[in-house]
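These notes concern the structure reproduced below.
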Amino acid sequence: MTTQLTVPRRGGSPRGIHRGEAAAGWIFTLPVVLILGVFLLVPVAMALWVSFSDWGGRGSPLAETTNFVGLKNYADITSGGGLAERNFGISLRNNAWYVLLVVPLQTALALFLAVLVNRAVLRGKGFFRTAFYFPSVTSSVAITVLWLFLFSASGVINEVLSWMSIEGPNWFNDPSGVVHNLLATVGVTTPPPALAEGEFLGISWWEWIAGPSVAMSAFILMAVFTTSGTFMLLFLAGLQNIGGDVDEAAMMDGANGWQRFWQVTLPQLRPTLFTVLTLGLIGTWQVFDQIYTGTQGGPGKTTLTPAYLSYDAAFKGQDWGQGAAIAFILFAIIVIFTLFQRWVLRDRPVSRRRARAYEIVGGGSR
């Protein structure tokens, strides 16, 4: 009786086993690959083709009647000089202010709630976790309808403000910009010539710095209210994975609570912070259902967003090429911001100057 030995290659595993594992891996992943290909990759490729075509929404986008128009759809919304360019500029302005305010506020509030819930002295942690997370699992449409009721001219918010002798605005019908309103309180009501004459994407720089409208401010508050609970759970998971020995060592060195949080806890939450900021950026740049349910871009297009503008151009205006172009420009914006924040939050090597200081301190403490 002879035994045939299989001599492994330098890579470590026998040739037969390696081939069997590769085949088994493809067999197990093939259903997911097919599903992603049919329902994700193919539609994305079709939408990309539509953005370079004059397809009108009837028949197949690959039919002979559909013509390739190159970058015309992209040029119309970025440099066309007409209503399409101005609408795109207004939507970007609105969404930029939305992102600028929502992402920092929801991140800070989520981190604050996570630190609060993670405290050992807090009783009823399960109740508070559920209470803070509950708005995140509620339908956005239902939350929007509730928000429309709360922020109406005679709603609860204005009623509470009246108790403090403050006359609340007609929230969802007020197109004035918050920054312009603040400038008006100090007497600045006309723009400087440089801001009035210069423009970008069809709107002047004075309009760019108008700030979010009063109507968009209500949506900003709603976004912070509904998303902070989800991000709280992510920060809470990160806090519970941090060992207590480093914090105790910092306490022994005389660091106070704020110093321990800023210099010990927060640096260890960098991966969680990157995840929260990435999800926040993606969600805020893709805001659609709240606008569709609430104001549909009004009043005066001050709540118009690129996602809703893409829907409006394609499904209402039947300009599918322009709608697809807006969607891909929005995709590029999200990718650029994600890469930028990844660069900002990257792990930086210790400089020679700081390393030399550490060596001096370490040598002196021996």
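FYI, it's all coordinate maths here, none of it is from the lab. The structure presented is a predicted model; accordingly, all values stated were derived computationally and were not measured. Reconstructed Cβ throughout: ideal geometry from the backbone, glycine too, with neighbour counts over all protein chains shown.
Working from label points 7 Å from Cα in the Cα-to-Cβ sense, the Asp245 to Phe274 distance is 2.5 nm.
Here r is the Cβ-Cβ distance between Phe200 and Phe288 and R0 is 30 Å; the resulting FRET efficiency, rounded to 0.05, is 0.80.
Converting phi to 3J(HN,Hα) with the Karplus coefficients 6.51, -1.76 and 1.60 and the offset θ = phi - 60°, segment 195-212 yields 7, 7, 8, x, 8, 8, 6, x, 10, 6, 5, 5, 6, 5, 8, 5, x, x Hz in sequence order, with x at every glycine or proline. Taking amide H as placed 1.01 Å from N in the peptide plane, Gly211 has its amide H under 5 Å from the amide H of Val179, each at least 5 places away in sequence or on another chain. The residue list Phe112, Leu148, Ala250 was ranked by how far each Cα lies along the charge dipole of the chain toward its positive end, using unit charges on Cβ atoms, and Ala250 comes out on top. Across the chain, the longest piece that holds none of the GluC sites (Glu not before Pro) lying in DSSP loops with up to 10 other C-beta atoms within 10 Å covers 168-366.
What is the sum of charges around Gly168, taking Lys and Arg as +1, Asp and Glu as -1, for the other residues whose C-beta is under 13 Å from the C-beta of Gly168? Neighbour charge sum, excluding Gly168 itself: -3.
Note on segment 183-201 and segment 98-159: Cα centroid distance 35 Å, given to the nearest whole angstrom. Enumerate the amide H contacts of Ser53 below 5 Å, restricted to partners 5 or more residues apart or on another chain; note that Pro and chain-start residues carry no placed amide H. Residues meeting the criterion, in which the H sits 1.01 Å from N, are Val69. Taking a sphere under 13 Å around the Cβ of Ala327 and counting the other residues whose Cβ falls inside, with K and R at +1 and D and E at -1, yields a net charge of -2.
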